[in-house]
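Quick notes on the structure that follows.
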Amino acid sequence: MSRSGIARAGLIVVALCLPYGAAGAASSPFAAMAGTWSGGGTLSTTDGAQERLRCRATYNVAGGGGELRLNLRCASQSYNFDLAGNVEYRDGAISGSWSEATRNASGTISGRATADHVDAAARGDNFSANLSLTTRGSRQSVSIRPQGTNVTGVSLALNRR
């Protein structure tokens with residue numbers, strides 16, 4: 001094997017032996033989400049009503065960008081929710097767990113992520129929802145579409161604080 005072939009093989013071995021966070025941080029969508037966000041949006045119900053929501057989100061990113069701890073608290077005139085989760089990112093896929101304190105609900109989350117966009121499904125014993133989140137600079141949009149509840153959708157626009 002030539003010196004350049006040995007050097008290439010050595011670089012490949014080093015890259016494969018690095019912890020995930022060191023190799024995957026640049027491509028993790030979580031890095032752009034880190035910090036505290038606030039804003040609002042609307043909550044829609046099956047009877048056609050809409051309520052204004054005020055929300056605050058905190059995203060703690062660890063593991064070189066491959067791990068995310070999140071907390072999203074929102075309130076309207078009739079609804080409150082306090083969502084927490086722990087999610088991991090690997091090779092374009094996300095997976096983890098979530099819990100909602102006001103309704104004592106919990107479950108799993110899985111989906112796909114790119115540099116600025118996350119599409120996921122949250123599943124639990126008595127709850128399921130699809131989630132879409134896009135982060136661009138200091139703005140973030142969140143869409144939550146529950147199934148089997150009187151809430152048909154939540155749309156949020158958040159800004160980094």
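The values are calculated or read from the model by the stated rules, or taken from the named source; none is laboratory data. In this text the structure is predicted, and so the values were computed from the model without any measurement. Please note: Cβ atoms are built from the backbone with ideal geometry, for glycine as well, and neighbour counts cover all protein chains shown.
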I'm trying to understand the selection: among the residues of segment 34-53, which are surrounded by fewer than 18 Cβ atoms within 10 Å (Cβ to Cβ) and at positive phi? Gly35, Gly48
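Rundown of residues vs (1) closer than 20 Å to Ser99 by Cβ; (2) part of a strand (DSSP E or B); (3) at pLDDT below 95, yes/no style:
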site	(1), (2), (3)
Ala22	no, no, yes
Thr42	no, yes, no
Gly48	no, no, no
Arg52	no, yes, no
Asn71	yes, yes, no
For Arg123, state whether it is closer than 23 Å to Trp37 by Cα, among the charged types (D, E, K, R) and modelled with pLDDT of 95 or more. no
Residues of segment 132-161 being surrounded by fewer than 18 Cβ atoms within 10 Å (Cβ to Cβ), over 16 Å from Phe30 (Cα atoms) and touching a Gly at 6+ places or on another chain (Cβ under 6 Å), which ones? Arg145, Ser155, Ala157
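Hey, among the residues in segment 77-96 that are hydroxyl-bearing (Ser, Thr, Tyr) and either modelled with pLDDT of 95 or more or part of a strand (DSSP E or B) (or both), which one's surrounded by the fewest Cβ atoms within 10 Å (Cβ to Cβ)?
Among those that are hydroxyl-bearing (Ser, Thr, Tyr) and either modelled with pLDDT of 95 or more or part of a strand (DSSP E or B) (or both), it is Ser95.
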State which residue pairs qualify: first residue touching a residue at least 60 places away in the same chain (Cβ under 8 Å) and inside segment 76-89, second residue surrounded by fewer than 21 Cβ atoms within 10 Å (Cβ to Cβ) in any location, beta carbons under 7 Å apart, and separation of 6 or more residues or different chains. Tyr79/Glu51
Filter segment 126-161 for residues that are within 19 Å of Thr108 (Cα to Cα) and of a type in the set (Ser, Thr, Tyr); the one that is modelled with the lowest pLDDT is Thr149
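This table checks each residue for (1) in contact with a strand residue (DSSP E or B) (Cβ under 7 Å, 6 or more places away or on another chain); (2) within 25 Å of Thr46 (Cβ to Cβ); (3) not basic (Lys, Arg).
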| position | (1), (2), (3) |
| --- | --- |
| Gly107 | yes, yes, yes |
| Ser110 | yes, no, yes |
| Ala120 | yes, yes, yes |
| Leu133 | yes, yes, yes |
| Gly137 | no, no, yes |
| Arg145 | yes, yes, no |
| Val151 | yes, yes, yes |
| Arg160 | yes, no, no |
Residue pairs within 8 Å by beta carbon, gap of at least six or interchain, first lying in segment 97-112 and among the acidic types (Asp, Glu), second in a loop (DSSP other than H, G, I, E, B), listed first then second, are Glu100/Phe127
Taking segment 54-69 on its own, how many of its residues are buried (at least 18 other Cβ atoms within 10 Å of the Cβ) and under 14 Å from Leu83 (Cα atoms)? 4
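Hey, among Ala31, Ala101, Ala115, Ala9, which residue is modelled with pLDDT under 95 and surrounded by 16 or more Cβ atoms within 10 Å (Cβ to Cβ)? Spell out the reasoning first.
On the way: Ala101 fails: surrounded by 16 or more Cβ atoms within 10 Å (Cβ to Cβ); Ala115 fails: surrounded by 16 or more Cβ atoms within 10 Å (Cβ to Cβ); Ala9 fails: surrounded by 16 or more Cβ atoms within 10 Å (Cβ to Cβ).
The conditions single out Ala31.
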